[in-house]
Structure formats: C-alpha cells, structure tokens
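Novice: Have a look at this one before I ask anything.
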Amino acid sequence: MRFETTYQTFAGPVLPAKRTTVSEDEAHRVIGANLVAGFETHVHTKNACGEQLRTRDGRPLTVVALHGARVVSAMEFVHV
C-alpha cells in the first residue's frame, strides 16, 4: 500500500507543506521516529460521526498530529 503524504510544521517559521509518496513501511517509520523524538502522536481516522475520514474524491485519509507542549506538526496520509 502506498500513501500520498503532506507534512506541515507549526513550530518556528511557517514553511510550505511538503508533499511526497511513501510506502506503508516508510509511513510507520516516520511516525515511529517522531515518537522516539519525544512527540505525543494523535492518529485520526474517523470524523465526529464515527465515519472513516476521506478525501473529496473518496479515498481513505489518516491525519497524524504531533504534540509537544502544543501541536507541533501534522501529517496527512492519503491511500493511493
């Protein structure tokens, strides 16, 4: 399985979002590396009604927020 990812950081100067395509293993490594770095990870796969998050064209979507003292960055994973 592959994912289109968008990564946005909120610490320091606001930079343009980074976009790339990664494998499922690479996605797990990125999330794991941020856990080791001391960030608390919040994974969101469902909306407030309990439905799977989806892009406008219907593809499954996962959002990962990394928290330090506040939200530090967010990663979006879209199934391709």
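Novice: Tally time: how many residues in region 38-51 are surrounded by 10 or more Cβ atoms within 10 Å (Cβ to Cβ) and closer than 14 Å to SER73 by Cα?
Specialist: Of the residues in that region, 6 qualify.
Novice: Tally time: how many residues in region 1-37 are part of a loop (DSSP other than H, G, I, E, B) and open to solvent by less than 60 Å² (accessible area, probe 1.4 Å)?
Specialist: Going residue by residue through region 1-37, those that are part of a loop (DSSP other than H, G, I, E, B) are 1, 10-17, 37.
From what's left, open to solvent by less than 60 Å² (accessible area, probe 1.4 Å): 11-12, 17.
Looking only at that region, the number is 3.
Novice: Moving on. For region 2-10, check the following and say yes or no: at least one residue is touching a residue at least 24 places away in the same chain (Cβ under 8 Å) and among the basic types (Lys, Arg). Let's see the steps before the verdict.
Specialist: Going residue by residue through region 2-10, those that are touching a residue at least 24 places away in the same chain (Cβ under 8 Å) are 2-10.
When the remaining residues are screened for being among the basic types (Lys, Arg), the result is 2.
Checked region 2-10: at least one residue is touching a residue at least 24 places away in the same chain (Cβ under 8 Å) and among the basic types (Lys, Arg).
Novice: I would also like to ask the following. Which count do you get for residues in region 42-74 that are among the β-branched types (Val, Ile, Thr) and over 15 Å from GLN8 (Cβ atoms)? Steps first, answer last, please.
Specialist: Of all residues in region 42-74, those among the β-branched types (Val, Ile, Thr) come to 43, 45, 55, 62-64, 71-72.
Those still in the list that are over 15 Å from GLN8 (Cβ atoms) too: 43, 45, 55.
Qualifying residue count, region 42-74: 3.
Novice: If you don't mind, another one. Does region 53-64 include one or more residues that are in a loop (DSSP other than H, G, I, E, B), surrounded by 12 or more Cβ atoms within 10 Å (Cβ to Cβ) and either free of Cβ contacts under 8 Å to residues at least 12 places away in the same chain or within 13 Å of the chain's Cα centre (by Cα) (or both)?
Specialist: yes
Novice: Another question, then. What are the pairs, 6+ residues apart or on separate chains, where a residue within region 18-31 that is at negative phi has its Cβ under 6 Å from a residue that is among the acidic types (Asp, Glu)?
Specialist: Taking only residues 6 or more apart or on different chains, the pairs are THR21/GLU4.
Novice: If I filter region 6-22 for residues that are under 19 Å from HIS79 (Cβ atoms) and touching a helix residue (DSSP H, G or I) at 6+ places or on another chain (Cβ under 8 Å), do I get at least one hit?
Specialist: Among the residues of region 6-22, at least one is under 19 Å from HIS79 (Cβ atoms) and touching a helix residue (DSSP H, G or I) at 6+ places or on another chain (Cβ under 8 Å), which makes the answer yes.
Novice: May I ask you to list the residues in region 38-50 that are out of contact with any Ser or Thr (no Cβ under 8 Å at 6 or more places or on another chain) and assigned to a strand (DSSP E or B)?
Specialist: If the condition is that a residue be out of contact with any Ser or Thr (no Cβ under 8 Å at 6 or more places or on another chain) and assigned to a strand (DSSP E or B), then GLU40, THR41, HIS42, LYS46 are the ones that fit.
The values are calculated or read from the model by the stated rules, or taken from the named source; none is laboratory data. Not measured: the values here are computed from a predicted model. Heads up, the Cβs are rebuilt from the backbone with ideal geometry, glycines too, and the neighbour counts pull from every protein chain shown. These area figures cover heavy atoms from the full protein model, side chains too; ligands, DNA and RNA do not enter into them. Shrake-Rupley method; radii C 1.70, N 1.55, O 1.52, S 1.80 Å.
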